[in-house]
Amino acid sequence: MKKNLLRVSAFTFALSLCLGLPSCSSNAEKEVKPAAPAATTAKTEPVLPNYRYVDLDTVLSKYNLAKDYNEEMLRMQTNMESEVKRHENSIQSLGTSIQNKIQNNSYLSEESYRADQEKLNNMQTNAQRSVAKLQNNFQNAAMAAQKTVNDSIEAFIKDYNVKRGYDAIFFKAATLLINPKLDITDEVVEGLNARYNKVKK
């Protein structure tokens, strides 16, 4: 009887210890519980959003089509300035001649003076028309060149994005702040020049 009582008391004491201590659990439970994974200290690279941007100023400065058009515009501008200078020199020369004749009393009649004056007026009118025509041609050529370059860039980017599948491609100038890792300008310039050089050949 004493032995049984001791066994019950010992069991009750052990049970009370287990109930009072939170760490007390069966061996089976300890084996089943998996160990908590160790905290990883390695930093993972952030996933970039599915859009990119292009620096248009850089594209225009490096795209061979744009450079060729720019050179053509410079030639047209130089020619226009030369034509304006030629008209100015001719008008100035005739005007100086008229003044000298007046000062030296070289006009033999009123009619000869009027003839020179009319010639000067006609030269000024023709010069204005010629310069206006040159300016108009220059503006039309510049607008046509700009449209051709813009259309070429837009068409290339659409083809370029067929394989990439970006949700959007922006011009850098349209953004306030953007991650430099999203810049695809160099790829676009390389592709544009490769296509242009191939067509040019």
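Scanning region 102-146 for residues that are open to solvent by less than 60 Å² (accessible area, probe 1.4 Å) and in contact (Cβ under 8 Å) with a residue 24 or more places away in the chain gives L120, M123, A127, S130, V131, L134, F138, A141, A142, A145.
Just wondering, is there one or more residues in region 121-133 that are within 34 Å of the chain's Cα centre (by Cα) and assigned to a helix (DSSP H, G or I)?
There is at least one residue in region 121-133 that is within 34 Å of the chain's Cα centre (by Cα) and assigned to a helix (DSSP H, G or I).
Just one of (1) in contact (Cβ under 8 Å) with a residue 40 or more places away in the chain; (2) touching an Asp or Glu at 6+ places or on another chain (Cβ under 7 Å) fails for M76. It is (2). Of everything in region 159-201, what is of a type in the set (K, R) and either touching a helix residue (DSSP H, G or I) at 6+ places or on another chain (Cβ under 6 Å) or surrounded by 15 or more Cβ atoms within 10 Å (Cβ to Cβ) (or both)? Give them in sequence order. Selection gives K172, R195.
The values are calculated or read from the model by the stated rules, or taken from the named source; none is laboratory data. Because the structure is predicted, anything quoted here is derived from the model rather than measured. We place every Cβ from the backbone using ideal geometry, glycine too, and count neighbours over all the protein chains shown. Each accessible area value is taken on the protein alone, full model and side chains, heavy atoms only, with ligands, DNA and RNA left out. Shrake-Rupley method; radii C 1.70, N 1.55, O 1.52, S 1.80 Å.
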